[in-house]
1. In region 102-118, how many are open to solvent by 10 Å² or more (accessible area, probe 1.4 Å), of a type in the set (A, V, I, L, M) and on the phi > 0 side of the Ramachandran plot?
2. Name, by its number, the condition in (1) free of Cβ contacts under 8 Å to residues at least 60 places away in the same chain; (2) surrounded by fewer than 19 Cβ atoms within 10 Å (Cβ to Cβ); (3) closer than 20 Å to E209 by Cβ that does not hold for Q59.
3. Give the residue that is surrounded by the fewest Cβ atoms within 10 Å (Cβ to Cβ), with candidates limited to residues of region 133-146 that are in a helix (DSSP H, G or I) and of a type outside the set (D, E, K, R).
4. With respect to D54, is the statement that it is charged (D, E, K, R), farther than 29 Å from L123 by Cα and modelled with pLDDT under 95 true?
5. Say we look at region 94-132 and pick out the residues that are in a loop (DSSP other than H, G, I, E, B) and touching a Lys or Arg at 6+ places or on another chain (Cβ under 9 Å); which of these is nearest to Q242 (Cα to Cα)?
6. Where the second residue is open to solvent by 20 Å² or more (accessible area, probe 1.4 Å) and among the polar types (S, T, N, Q) and the first is in contact (Cβ under 8 Å) with a residue 60 or more places away in the chain and more than 19 Å from T168 (Cα to Cα) and lies in region 104-120, which pairs have Cβ atoms under 6 Å and are six or more apart or on separate chains?
7. Among the candidates L364, L357, which residue alone is in contact with an Asp or Glu (Cβ under 6 Å, 6 or more places away or on another chain), open to solvent by less than 60 Å² (accessible area, probe 1.4 Å) and in contact (Cβ under 8 Å) with a residue 60 or more places away in the chain?
8. Name the single residue that is surrounded by the most Cβ atoms within 10 Å (Cβ to Cβ) among those in region 10-37 being assigned to a loop (DSSP other than H, G, I, E, B) and without any contact (Cβ under 8 Å) to a residue 24 or more places away in the chain.
Amino acid sequence: MPAKFTGSFTQQEAIPADAIAAAVAVLQSGRLHRYNLVGDEAGEVAQLEAEYRDWQGSQYCLAVTSGGQALQIALRACGLRPGEAVLTNGFTLAPVPGAISAVGGTAILVEIDAGLRLDLEDLEAKIASSRARVLLLSHMRGHLCDMDRLMRICDGAGVTVIEDCAHTMGARWNGKRSGNFGKVACFSTQTYKHMNSGEGGFLATDDVELAARATILSGSYMMYARHGAGPAPDAFAEARYQMPNCSARMDALRAAILRPQLAQLDSNVERWNARYRAVEADLKGHPRITTISLPAEELHVGSSIQFRMPDFTAAQCRAMSDAAKARGVELKWFGAAEPVGFTSAHPSWRYVTAQDLPETDRILATLFDMRLPLSFSEADCALIAELICDAASEVAP
């Protein structure tokens, strides 16, 4: 029998003790709603918004119920019209095209390159052919495009960029934080992301009108002055009458859990990257495995790792998944015909018009993905890499 890893790929580190204490204090108060405050009390959510704004380096920040709601609110706040085209990645997770569909947009899928990033030549072609005014850019699995070139393309064509930073909280391109390139950025604090509140999310922007519209959309009623990182009250003069209430407010309990985690985020980025390097080093040495190159301009957040088996058939890829599973290693294969768990590919998004993406399909056919939770040690990660290499050699000696 092959050696076996016994850790869990879905279990995270425990919530920090100070976050638990803060959560207990909120529960003891009974005041979980973000606007259930006494006098001029700031409240947990407003304090979190201010702290995240300062950490991100944006002008405004809004806390919401999920990353998916952040995407939908961002699209609405940007003025998307029913039926309007929205460009997005051909390779992303379902909440991204789902957000476009949920607000009545029409998703136009853009090819990816071998680095799992948006193909910028195809982006230019799709901008011209679709006449889309919005790009919902997914930094899928933490891989940043050449953001300088992407913004030149989009600014030159008058395309508004919404950054989906669910996998790049803390990442940078040429020293600039992910999320600070486009008009608005969306982040997730779902359990498998870089901070864990079960569900939750943020919008960050420097645009005062967009921030005001998003705040009303989130369900602030006329309580917008109680936000910790929002515009001045006069910015809401029109938005408060024009934007529908989508009831997507973050609650005080989740904010209390997140504030201590934010204080640890930069050090946790370093911990993830150490684990990423431990796996990547061994995978690079295997002749059948192709790792994903990381540009020198990119500071990555390695909370997951991807690799390809470019000369494998579909049958070999299935055998690879089975061989890894027999060794206790949970791999997600994006070339599978049917969606599994959180993993899906564009042909299974049947609420999106079917589109021809030959290069994306070629890449996904042999693409594997694996989580790297901080509950794993660096030694665990080295063992996992050894087991993956052993599985690959078993399938194709």
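The values are calculated or read from the model by the stated rules, or taken from the named source; none is laboratory data. Every value quoted in this text rests on a predicted model; they were computed, and no experiment measured them. Quick reminder, even Gly has a Cβ in these numbers, built from the backbone with ideal geometry, and neighbours come from all protein chains shown. All accessible areas refer to the heavy atoms of the entire protein, side chains included, with ligands and DNA or RNA removed. Shrake-Rupley method; radii C 1.70, N 1.55, O 1.52, S 1.80 Å.
1. 0
2. Here Q59 meets the rest and fails (1).
3. Here is the first cut: in region 133-146, the ones in a helix (DSSP H, G or I) are 140-142.
Filter once more, so that each one left must be of a type outside the set (D, E, K, R): 140, 142.
On the way: M140: 23, G142: 27.
If we take residues in region 133-146 being in a helix (DSSP H, G or I) and of a type outside the set (D, E, K, R), then M140 is surrounded by the fewest Cβ atoms within 10 Å (Cβ to Cβ).
4. no
5. Ranking the qualifying residues of region 94-132, first place goes to V103.
6. Matching pairs, first to second residue: I108/S130; L109/Q355.
7. L357
8. Going through the qualifying residues, I end up with A14.
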